[in-house]
Amino acid sequence: MIYRSLFPRDLMAELDRLLRDTQQNFHFSPTIRGIARGGFPAMNVGGTPQSVELYAFAPGIEPSTLDVQIEKGVLTIAGERQRQKPAEDATVHIDERFEGRFRRVVTLPDDIDPNAVDAKYTDGVLRISVGRKQSAQPRRITIQ
Amino acid sequence: MSDNTLVKKQNARDEAALLPPVDVIEDASGITLYADLPGVPKEKLTLQVEADTLTIEGEIDLDMPGGIEASHAEVSLPRYRRVFTLSKELDASKVAAEFSQGVLKLSIPKAAHAQPRKIEVQVM
């Protein structure tokens, strides 16, 4: 839910609201999970004839605490990013990095094989590669 | 349209880049900066201090299979850049950097003359 700014003279906040409103208005029928853009972790999704590739940009997370699940064609990435508490005499000048629990849900195409999943975490990016079913892969048909 | 628009942008500084989110925390000894640069390998991270300007730049390098077609992209540019102006009490020659799992930690100490010291108040 996006609220109107409490400080209408804050131009940047107003611009941000305007941008979100415009985005929502352009999606005449957004997905049931809302407009996913802007969530944590940011995600890029692509595909090849053999697999579906998902990249989740989740830096600074212990890979063992990441929870990746596939259930009924829905992929869920969940976890928590903890920040070191600043010392008591310290001053926080800028505070932009995400902190806390997160969960992102992605619907996968119908032709994926839930048993052929491979997940790797390198340089703060979680790469999930989901294979497609053999039967769904393109085949050349020989003419008799 | 003026002729200027035809001039090719050759300087790396002019290339479009993502703005990485940062945390900046100051304590008595100096400033600690954390920046999120996911997807940047260590060898493609560039840190530069020039006069009082600190530049953080990183190139994203993802391992992608051949023939991949993007269907949804939230990270739409392959590089990050962010520039900060340091203040003069910081000692730019002693910046220490750590980079792991896409998180950069920069420690910028305060110059010795700028370290806090208690000022005694004399009672006359």
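Read-outs throughout are calculated quantities, based only on the coordinates presented, and are distinct from any laboratory measurement. Small disclaimer: the values here were computed from a predicted structure and weren't measured. Quick reminder, even Gly has a Cβ in these numbers, built from the backbone with ideal geometry, and neighbours come from all protein chains shown.
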(request) Among the residues of the stretch B:88-113, write down those that are within 11 Å of chain A (Cβ to nearest Cβ) and assigned to a loop (DSSP other than H, G, I, E, B). (result) B:101, B:102
(message) For residue B:71, only one of the following conditions fails: (1) surrounded by fewer than 14 Cβ atoms within 10 Å (Cβ to Cβ); (2) more than 7 Å from chain A (Cβ to nearest Cβ); (3) among the polar types (S, T, N, Q). What is its number?
(response) (2)
(request) Name, by its number, the condition in (1) surrounded by 17 or more Cβ atoms within 10 Å (Cβ to Cβ); (2) part of a strand (DSSP E or B); (3) within 15 Å of the chain's Cα centre (by Cα) that does not hold for residue B:26. (result) (3)
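Give, as residue ranges, the strands (runs of 3 or more DSSP E) completely inside the stretch A:31-135 that count at least 1 residues that are surrounded by 14 or more Cβ atoms within 10 Å (Cβ to Cβ) and in contact with a Phe, Trp or Tyr (Cβ under 7 Å, 6 or more places away or on another chain). Full working, then the answer.
Values: elements: A:42-47, A:51-57, A:67-71, A:74-81, A:91-95, A:100-107, A:112-122, A:125-132.
In the stretch A:31-135, A:42-47, A:74-81, A:100-107, A:125-132 are the strands (runs of 3 or more DSSP E) which contain 1 or more residues that are surrounded by 14 or more Cβ atoms within 10 Å (Cβ to Cβ) and in contact with a Phe, Trp or Tyr (Cβ under 7 Å, 6 or more places away or on another chain).
Would you say residue B:116 is under 19 Å from residue A:83 (Cβ atoms) and not in a strand (DSSP E or B)?
Values: under 19 Å from residue A:83 (Cβ atoms): no; not in a strand (DSSP E or B): yes.
In short, no.
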(message) I need the full set of residues from the stretch A:103-136 which are touching a Pro at 6+ places or on another chain (Cβ under 6 Å) and either of a type outside the set (Asp, Glu) or more than 13 Å from every other protein chain (Cβ to nearest Cβ) (or both), in order please.
(response) A:121, A:124, A:125
(message) Among the numbered criteria (1) loosely packed, with under 15 Cβ neighbours inside 10 Å; (2) assigned to a strand (DSSP E or B), which one does residue B:65 miss?
(response) (2)
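Any residue in the stretch B:67-80 that is small (Gly, Ala, Ser), out of contact with any helix residue (DSSP H, G or I) (no Cβ under 6 Å at 6 or more places or on another chain) and at positive phi? Step through it out loud before you land on a result.
Going through the stretch B:67-80, the residues small (Gly, Ala, Ser) turn out to be B:67, B:70-71, B:73, B:76.
Then keep just the ones that are out of contact with any helix residue (DSSP H, G or I) (no Cβ under 6 Å at 6 or more places or on another chain); that gives B:67, B:70-71, B:73, B:76.
Right, trim to at positive phi and you get B:67.
Within the stretch B:67-80 (the criterion being small (Gly, Ala, Ser), out of contact with any helix residue (DSSP H, G or I) (no Cβ under 6 Å at 6 or more places or on another chain) and at positive phi), the answer is yes, since at least one residue qualifies.
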